[in-house]
1. For residue 144 and residue 77 in one chain, what is 0.36 nm times their gap in residues minus the Cα-Cα distance, to one decimal in nm?
2. Give me the Debye-computed log₁₀ of I(q)/I(0) at q = 0.14, 0.15, 0.22 Å⁻¹ for segment 74-149, equal point scatterers on Cα only, no solvent, two decimals.
3. Using Cα-only point scatterers and the Debye equation, what is log10 of I(q)/I(0) for segment 29-120 at each q in 0.23 Å⁻¹, rounded to two decimals?
4. Relative to the longest principal axis of the C-alpha atoms of the chain, give the angle of the C-alpha long axis of helix 99-111, reported between 0 and 90° and rounded to the nearest 10°.
5. Quote the relative contact order of segment 28-187 in percent (integer), defining contacts as alpha-carbon pairs under 8 Å separated by 6+ residues.
6. Which one, 68, 174, 38, has the greatest fluctuation when you compute a Gaussian network model over the chain with C-alpha springs under 10 angstrom?
7. Could you compute the FRET efficiency for residue 25 and residue 171, with r as their C-beta to C-beta distance and R0 at 41 Å, rounded to 0.05?
8. Need one number: convex hull volume per residue for segment 89-196, Cα atoms only, in Å³.
């Protein structure tokens, strides 16, 4: 009886009465995710994994279509302009071994040689790929990916090493803003899992 009542814990649909009896779909949970970096800082294979292990939060991509305004007789019309991907923000814990800071420093040095005051010849010399995955909560080989965002042509547009404070009882962090040229969203889903 109690289990049957869970199928009524959603909004009834006017167009599909059978769907109203299926219950509420399980939401994606914000703390089940993984972020991977491919070729960041041109470091040795696997070193980008240090960033993956220390990430605290990640902003999913936002897309903006800059409107084109067409002025006409008594009004205005609007057309879709060029799409623009907004930067993503990543907060990362700074570890005592300096592993995270070293990978970030290698990427920054790849983007711009600060000692020689020389920039990279082409974007292909310093850009990397970022992959954000929403996971189902499994561990090791049993984790299933529910959604993937692949960000292409990434570079660090802003880095903030944040502050230290005698009053603060939290981990030191580094905040990155990534710019990227394009993004692809792949939704694999979990087969319509139900809550409860």
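Where a number appears in this text, it was derived from the coordinates with a stated rule and is not lab data. In this text, all values refer to a predicted model and were calculated from it rather than measured experimentally. No Cβ is skipped: glycine too gets one built from the backbone with ideal geometry, and neighbour counts run over all protein chains shown.
1. Length difference between fully extended and current span is 19.6 nm.
2. Cα-only, vacuum Debye calculation for segment 74-149: -0.81, -0.88, -1.17.
3. Listed by q, the Debye log ratios stand at -1.17.
4. 70 degrees
5. Reported as a whole number, the value is 26 percent.
6. 68
7. 0.75
8. Normalising the Cα hull of segment 89-196 by residue number yields 169 Å³.
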